[in-house]
Amino acid sequence: MLKKFIFLFSLTFGLSLAAADYPKKAFVSVAVADLMVDPYHKDAMKTSVEEYYHQLPFSGTWKACRRAHQLLFNEVVHVLEEKGPEVKVKISSFYFTKENESIPCDTYWTLKKNITLFSELQHNDIDPKTVPDPISYIEKNITSLSDQILTLKKPFYDPITKKMYSVGTRFVATQGQNLLGNFDQGIFDVYIYDSQSHKMKVTQLPRSNCIRNYSKKPADQIANFVQVLRLWCYQKEGAIPYVLGGWSWTITCLDNTYEINYQDDEQYAIVRKKWDLKEKTGFDCIGIIGRAAQVCDIPFYIKNTTTLIKDLESLKSQDSIEEGDLIWYPGHVMVVSSLKRNLAIEARGYERGGGKVQEVSLESIFQEVKNYDELKTHYLQNKPITVLYANGKPWKNFKKFKILKMKSIWKKDPT
């Protein structure tokens, strides 16, 4: 009896001790990490955990494609729970709120091998300051010019770690460098963690791949935001693919052909057979906006379109539509990119034809809307709006749509 008591006490104490170890501070040590809302369930998925993550399609219905978000190399998380090869993590860079709720949601599941604990850095005598401090919606912080941090506005292949890093990835620059001035030529030395050797190394970033935002005036930052989006739209070859839950870009898709694989009458997955990476990198409609906004130090922490329409102010009759403002209709959002040319930038899904990041004319998006004056009239008069397929035929009619003011993000307190 005594032995049984001691065993139960030890088991309970051990579990309590293990629970007390959480949360554990960690950072993403792969180029791009896929995140899920729920952990893997073997009976439902009928595949191994690793295969489940690696076989995620580019897009599809929710049961076919459960990717909820993506984190980038060097993003800091807090591990809340471990379950086999998966961990539950709390992130700080983005949040969402459920419909009719105001509490921010910021926890996901990912593969354990996607992260490295800060305790491991300490064990290997690595300075934790070589990992950038996180962007945080709670602390409402964005990269400061006093920080030694550089952000990628173009993808970067590192020959040391042999990985392709996404736009939006942040690095700590080594001391003694001038981080001001022209970024057209030259290189920066930055710290980069090599997960294979478990060592912090120094690599060289081309200056032209990086961005530092000198102006903290909202108008300038929004102008930079549109400029970055346009840079991503126009590639010498190929285009950035649409990825459901995608918040990354490492390579372009040279061949925009894709297939729709139906699992049954209701469930389908979008696959691209001509894709060279194990990771599916690209953007969904809110992902490209959120990533580009934070690249430009805009305090934009919004994860989904449901939260977006609650947190941003709508256009008022006395307001003008400005470049950088957002156009929302249920399930989609795009950016006003050129008032003069009546263009908008979007990461368009596969239903309407496209499946890529693009800048297109208003008249190719909406029926009987040729310019932004007509769009504003539709909006203020509460007229329904018809969205078009890529071939110009009517797709769906929406009773309501919104024009959201990007500059109102500075008024928002997410907590």
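The values are calculated or read from the model by the stated rules, or taken from the named source; none is laboratory data. Just so it is clear, the structure is predicted and the values come from calculations on it, not from any experiment. Every residue, glycine as well, gets a Cβ built from its backbone with ideal geometry; the counts of neighbours run over all protein chains shown.
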> Considering the range 386-415 alone, what residues qualify as being at pLDDT below 95 and either in contact with a strand residue (DSSP E or B) (Cβ under 7 Å, 6 or more places away or on another chain) or part of a helix (DSSP H, G or I) (or both)?
Replying inline: W410, K411, P414
> Is at least one residue of the range 251-259 in contact with a Ser or Thr (Cβ under 9 Å, 6 or more places away or on another chain), crowded, with 16+ Cβ neighbours inside 10 Å and under 18 Å from K153 (Cβ atoms)?
Replying inline: yes
> Out of all the residues in the range 110-150, which are of a type in the set (S, T, N, Q), more than 30 Å from K411 (Cβ to Cβ) and surrounded by fewer than 15 Cβ atoms within 10 Å (Cβ to Cβ)?
Replying inline: S119, Q122, N124
> How about the range 183-223: which of its residues are in contact with a Cys (Cβ under 9 Å, 6 or more places away or on another chain) and in a loop (DSSP other than H, G, I, E, B)?
Replying inline: F183, N213
>> Test of understanding: among F118, F94, which residue is among the aromatic types (F, W, Y) and farther than 17 Å from W247 by Cα?
In response: F118
>> Give me the residue from the range 260-272 that is more than 16 Å from G282 (Cβ to Cβ) and surrounded by 12 or more Cβ atoms within 10 Å (Cβ to Cβ) and, out of that set, modelled with the lowest pLDDT.
In response: Q263
